[in-house]
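Take a look at the structure below.
The values are calculated or read from the model by the stated rules, or taken from the named source; none is laboratory data. Just so it is clear, the structure is predicted and the values come from calculations on it, not from any experiment. For neighbour counting, all protein chains shown are included, and Cβ atoms are generated from backbone atoms with ideal geometry for every residue, glycine included.
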Amino acid sequence: MSTLFHPYDITKEREINEPVNYRRRGVLQHVDRVLKAEITAITRLTSLEKLFHIRIVDLAERERFTFLPGQFVMLELPGYGEIPISISGSTYQRGMLELCIRKVGMVTGVLHRASRGALVGLRGPFGTHFPLERMKGHNVLLIAGGLGLAPLRSAILYVTENRADFKEVQILYGTTAPSKLLFDYQYEQWRRIDGVKLQIIVDRGDETWNGPVGLITQLLDDVTMPLEESYAIVCGPPVMFKFVCNRLSKAGMPMHRMFVSLERRMHCGMGKCCRCNVGSTYTCLDGPVFDYWSVMNLKEAI
Amino acid sequence: MLYRTLPREELGLLVERILETYEVVGPKRVTTDRDGKPVHQYLPVTSFDQLDLGYETTEYSAKTYFLPYRENLSSYSFDDGDWEQKIRYRLQPRALIGLHACDINALLRLDKVFARDHFPSPYYISRRRNTFVVGIDHDPCEHGFCRSLGTDTVTHGFDLFLTDLGDRYFVAIDSDRGFFALRQVQAREVSDDDRRDYLEVRHRIASGFKVRIDAHNLSNLLDIEFESEVWKRWGGKCLSCGSCAMACPTCYCYGVTEQLSMDSKSATKVKQLHSCNFIDFARVAGGHNFRPDRETRLKYRYYHQHRGFAETYEAPMCVGCNRCGRVCLAGINPPEVIQDLQDEDRP
């Protein structure tokens, strides 16, 4: 007699045999397949942070890989673990990613000991992005606190590379001490771009520092753009973006025009593991970029 | 939906037929509890008579056959600085005999997460489609509150669903392979008597539920009572052991870790089910914990089941089997927790 039912071989499905593309959310694919990528260079930023320049090895995969500012990748060190990292580089470098990573846990600790040429795995890009298309033709306020500059840098690069599309552009960056400043070699370049205003503040100065000292909210006093018609992206620790966004909100900026990026523990990037759950949403699917109203409206977000 | 009637002895023949080729899993009596009541688990069987289809409930759900507690996502082999990734899915068919309606509803919930809209999981889909599911009706169990959540009946998500009419089974068919399977045994067209007897049994079952929860406003209530003392009271008892999540038929949260082989030549990426009651659930690198307290984590469990999940997937995640309440070492019983929430601030 024939068998009652037949095995179902998922590997024979047409869609699963197409190249993995994490931007196609609804398609059946090898969701755990990583893209092999090489660490081509490592730039030391501070004693704790390094910028990893990563290039996807396969040419076709490199060509396919695109992302938008604010999105993140799952970076895997085979044998060690996988971590969510937001992309710091320019969207115009196809298949080339810059990841600014603080040495803080097990995987990042191993990564900081890795040398150029090492092969890592990538899945992504995942998550929502800063809606820069929508911001075109408007004033843009880009605000970062501490490591928040890592995700914000991608937006800064986008705005400066498309400078003519935006009205006034102002960048505010605050961190605890001058030695903690990220990407300090780039400030001069950003400042020289026609129509970009960059201001930096530190909590505690030292003998090398002759800029302003204090909290980032202080810099908001000098913002002159009409806030009702402007957009803001605010990246940093929750306590920082809460104060900044509340200030901006009181000064007239609508909450749906302010965008923040949340950070949570993640084990999948695909809305499955639930580790990044905030209130009733997933940071990996509905975030990490949320408008400030959504964040205010979520339990446990701030 | 198509229906057939199956003489009682034919079911055994059908299961034995499946056993000729594939693994069969079903309710097996494993021991007795301290009150002398039988304890059942869904386990592989080698013959039909090892199945106890009249079981009340199982300690653990059948989710492990779809979401194993531990599963290899991929493996790596290392060679001189380079590596290769290999991915394998479980392709062996299996029959799961004797699932209750709540557990099939639980599978439908998991389908929403793992087989639909975003990033459908080949690991899950492969297991799900390779599992022949035979459900069975039963008289209400002592602790379940499925009826309050509308999960005491089920209309899809299975291949066959049986209702015991004494000398025969009334069978609902929800797949062509189910239809084909019934053709191999002596199933017959449904008669008026069968239909009448079936409705009578359904009526008896539906009127037998004792445990109820008031679930109609839970989504809203969980928001309003977010800061309620109720969470401190119940959360204070929680041992953060995660037993509830392990026993639950729908809890699917997980963590991923990698294991390096002793000779460092290979590694595996392992997915392991986690629990939102574990202390490290929302802890991030650097030490910050978004839910450091037991009550915050317990509250999150309820919030996710009845609010967050409901918002994303248009149905609460909980199916009311109350395995979590039975298994809880601290006596945290969902119907009581929910009643306390309902009573809080009520004039």
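The single residue among A:35, A:75, A:97 that is touching a residue at least 60 places away in the same chain (Cβ under 8 Å), crowded, with 20+ Cβ neighbours inside 10 Å, closer than 17 Å to residue A:268 by Cβ and in contact with a Leu (Cβ under 8 Å, 6 or more places away or on another chain) turns out to be A:35. Scanning the range B:254-285 for residues that are part of a loop (DSSP other than H, G, I, E, B), facing another protein chain (nearest Cβ under 8 Å) and surrounded by fewer than 21 Cβ atoms within 10 Å (Cβ to Cβ) returns B:264, B:284, B:285. Just one of the numbered conditions (1) within 9 Å of chain A (Cβ to nearest Cβ); (2) buried (at least 22 other Cβ atoms within 10 Å of the Cβ); (3) among the β-branched types (Val, Ile, Thr); (4) over 24 Å from residue B:315 (Cβ atoms) is not true of residue B:87: (2). One residue stands out in the range B:110-134 among those that are touching a Phe, Trp or Tyr at 6+ places or on another chain (Cβ under 7 Å), more than 7 Å from chain A (Cβ to nearest Cβ) and of a type outside the set (A, V, I, L, M, F, W, C): the one that is surrounded by the fewest Cβ atoms within 10 Å (Cβ to Cβ), namely B:112. Against the definition (surrounded by 14 or more Cβ atoms within 10 Å (Cβ to Cβ), outside any strand (DSSP E or B), in contact (Cβ under 8 Å) with a residue 60 or more places away in the chain and not β-branched (Val, Ile, Thr)), how does residue B:67 come out, yes or no? Here the answer is yes, as residue B:67 does meet what is asked.
Looking at B:143, B:138, just one residue is closer than 24 Å to residue B:324 by Cα, at pLDDT below 95 and assigned to a loop (DSSP other than H, G, I, E, B), and that residue is B:143.
Answer yes if at least one residue in the range A:224-232 is of a type outside the set (Val, Ile, Thr), out of contact with any Gly (no Cβ under 9 Å at 6 or more places or on another chain) and either under 30 Å from residue A:20 (Cα atoms) or facing chain B (nearest Cβ under 9 Å) (or both), and no otherwise. No, because not a single residue in the range A:224-232 is of a type outside the set (Val, Ile, Thr), out of contact with any Gly (no Cβ under 9 Å at 6 or more places or on another chain) and either under 30 Å from residue A:20 (Cα atoms) or facing chain B (nearest Cβ under 9 Å) (or both). For the range B:292-301, the set of residues classified as buried (at least 21 other Cβ atoms within 10 Å of the Cβ) and either touching a helix residue (DSSP H, G or I) at 6+ places or on another chain (Cβ under 8 Å) or away from chain A (no Cβ under 12 Å) (or both) consists of B:297, B:298, B:299, B:301, listed by residue number.
Within the range B:303-341, work out how many residues are assigned to a helix (DSSP H, G or I) and within 12 Å of chain A (Cβ to nearest Cβ). Total meeting the criteria: 11.
Among the residues of the range A:86-128, the ones that are closer than 17 Å to residue A:46 by Cβ, β-branched (Val, Ile, Thr) and more than 10 Å from every other protein chain (Cβ to nearest Cβ) come to 1 in all. Restricting attention to the range B:139-156, the residues that are under 25 Å from residue B:23 (Cα atoms) and crowded, with 22+ Cβ neighbours inside 10 Å add up to 1. Counting only residues that are farther than 28 Å from residue A:148 by Cβ and among the small types (Gly, Ala, Ser), which one in the range A:1-60 is nearest to the other protein chains (Cβ to nearest Cβ)? The selected residue is A:26.
Could you list all residues from the range A:181-201 that are part of a loop (DSSP other than H, G, I, E, B), on the phi < 0 side of the Ramachandran plot and over 19 Å from the mean Cα position of the chain (by Cα)? Once the filter is applied, which keeps residues that are part of a loop (DSSP other than H, G, I, E, B), on the phi < 0 side of the Ramachandran plot and over 19 Å from the mean Cα position of the chain (by Cα), the range A:181-201 yields A:193, A:194. The residues listed here are A:240, A:258, A:266, A:270; of these, the one that is among the aliphatic types (A, V, I, L, M), more than 25 Å from residue A:176 (Cα to Cα) and in contact with a strand residue (DSSP E or B) (Cβ under 6 Å, 6 or more places away or on another chain) is A:266. Assess whether residue A:153 counts as being out of contact with any Pro (no Cβ under 6 Å at 6 or more places or on another chain), surrounded by fewer than 24 Cβ atoms within 10 Å (Cβ to Cβ) and among the basic types (Lys, Arg). It is false that residue A:153 is out of contact with any Pro (no Cβ under 6 Å at 6 or more places or on another chain), surrounded by fewer than 24 Cβ atoms within 10 Å (Cβ to Cβ) and among the basic types (Lys, Arg).
In the range B:303-322, the residue that is farthest from residue B:219 (Cα to Cα) out of those that are among the aromatic types (Phe, Trp, Tyr) and buried (at least 20 other Cβ atoms within 10 Å of the Cβ) is B:309.
Among all positions in the range A:105-123, there is no residue which is assigned to a strand (DSSP E or B), at pLDDT below 95 and surrounded by fewer than 17 Cβ atoms within 10 Å (Cβ to Cβ). If the condition is being facing chain B (nearest Cβ under 8 Å), surrounded by 20 or more Cβ atoms within 10 Å (Cβ to Cβ) and under 25 Å from residue B:258 (Cα atoms), then the range A:244-281 contributes A:263, A:265, A:267, A:268, A:270, A:271, A:272, A:273, A:274, A:275, A:277.
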